[in-house]
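Participant: Below is one structure. I have some questions about it.
The values are calculated or read from the model by the stated rules, or taken from the named source; none is laboratory data. On a predicted model such as this, the values are computed, not experimentally measured, just so you know. Cβ: placed from backbone, ideal geometry, glycine included. Neighbour counts: every protein chain shown.
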């Protein structure tokens, strides 16, 4: 018997909505293609025309249409499949998880000890799949001072800063310093498989570019760039200039670095209080409470281009341009006189 030239799907209104949803949002590309094929059939496209659009075979399209007309949406969705037996049983998977927790950055050790304890050998790709199944991702570890700090003081300071930021009569700014050197930063970036892009680094840790910055609760950044070391005089000069630009009472959040607690700084702090500027010092080992710390990290590892670390002039030019794109930047006399 000759094969029918045309074959069309016959969905009802509810099925049309299901097909549109399936075409746009189903997690499997194969199912999205099938839904698109059925919708094209509703619009009187032939099986051959549909096959050209979804990049399939006309006979396959006809089978989809037949299955849809007989079973509805269920006819074009795959049934759950058992698949092969897992490489590791439940007990062995628990052993693997414990090994990953003990050696999170040593895949070879995990595989070796797993074989010793279970007698089973799995590949690195299988290990990766199990890690994903355990809800783990491969990412950089984070340095933390959390174990050294007083958590009660940290929580209290966090609440205090939140209350200060909520006050309508005062502005809050976060202040800190950060050093940029020619051998300090090696950023991440997409690179061709099997190759590495080399970062041109020709200098040492001196001279360094010091960035002293203020960040508002809204994210605005005001930065002062300085060459060489930072002293109490450098810090007080920067803060004094910044305060002269303020039009409202303010609280400045700072840490307990020695340049922020020296006698000279304390004397100047009394003068600034007369200008409606107060200082709030965060507890030791609590950099998370100073928002500008995250800006320094973003500047070094995301905003600064790879070419920034070849010469001091390149570093200065790139840092100036990056900061100017999102805030204001000033060059201190130590740079202007060079």
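Participant: Of the residues 235, 271, which single one is outside any loop (DSSP other than H, G, I, E, B), over 26 Å from the mean Cα position of the chain (by Cα), modelled with pLDDT of 95 or more and over 16 Å from residue 212 (Cβ atoms)?
Facilitator: 271
Participant: Follow-up question, since we're still on this one. Does residue 278 meet the test of being free of Cβ contacts under 8 Å to residues at least 24 places away in the same chain and in contact with a strand residue (DSSP E or B) (Cβ under 8 Å, 6 or more places away or on another chain)?
Facilitator: Working: free of Cβ contacts under 8 Å to residues at least 24 places away in the same chain: no; in contact with a strand residue (DSSP E or B) (Cβ under 8 Å, 6 or more places away or on another chain): yes.
Against the criterion (free of Cβ contacts under 8 Å to residues at least 24 places away in the same chain and in contact with a strand residue (DSSP E or B) (Cβ under 8 Å, 6 or more places away or on another chain)), residue 278 does not qualify.
The rows are residues; the columns are (1) more than 27 Å from residue 131 (Cα to Cα); (2) modelled with pLDDT of 90 or more; (3) touching a helix residue (DSSP H, G or I) at 6+ places or on another chain (Cβ under 7 Å).
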site	(1), (2), (3)
6	yes, no, no
28	no, no, no
35	yes, yes, yes
81	no, no, no
89	no, yes, no
96	no, yes, yes
112	no, yes, no
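Participant: Being assigned to a helix (DSSP H, G or I) and either under 13 Å from the mean Cα position of the chain (by Cα) or surrounded by 18 or more Cβ atoms within 10 Å (Cβ to Cβ) (or both) is the filter here; which residues of the stretch 290-302 pass it?
Facilitator: Within the stretch 290-302, 292, 294, 295, 296, 297, 298, 299, 300, 301, 302 meet the criteria.
Participant: Need the failing condition index for residue 161 against (1) surrounded by fewer than 11 Cβ atoms within 10 Å (Cβ to Cβ); (2) in a helix (DSSP H, G or I), just the number.
Facilitator: (1)
Participant: Further question: What do you reckon, is residue 326 at pLDDT 95 or above and under 20 Å from residue 210 (Cα atoms)? First the steps, then the outcome.
Facilitator: Values: at pLDDT 95 or above: no; under 20 Å from residue 210 (Cα atoms): yes.
It is false that residue 326 is at pLDDT 95 or above and under 20 Å from residue 210 (Cα atoms).
Participant: What residue, of 47, 51, 87, 37, is within 30 Å of residue 119 (Cβ to Cβ) and crowded, with 16+ Cβ neighbours inside 10 Å?
Facilitator: Details: 47 fails: within 30 Å of residue 119 (Cβ to Cβ); 51 fails: within 30 Å of residue 119 (Cβ to Cβ); 37 fails: within 30 Å of residue 119 (Cβ to Cβ).
Exactly one of 47, 51, 87, 37 is within 30 Å of residue 119 (Cβ to Cβ) and crowded, with 16+ Cβ neighbours inside 10 Å, namely 87.
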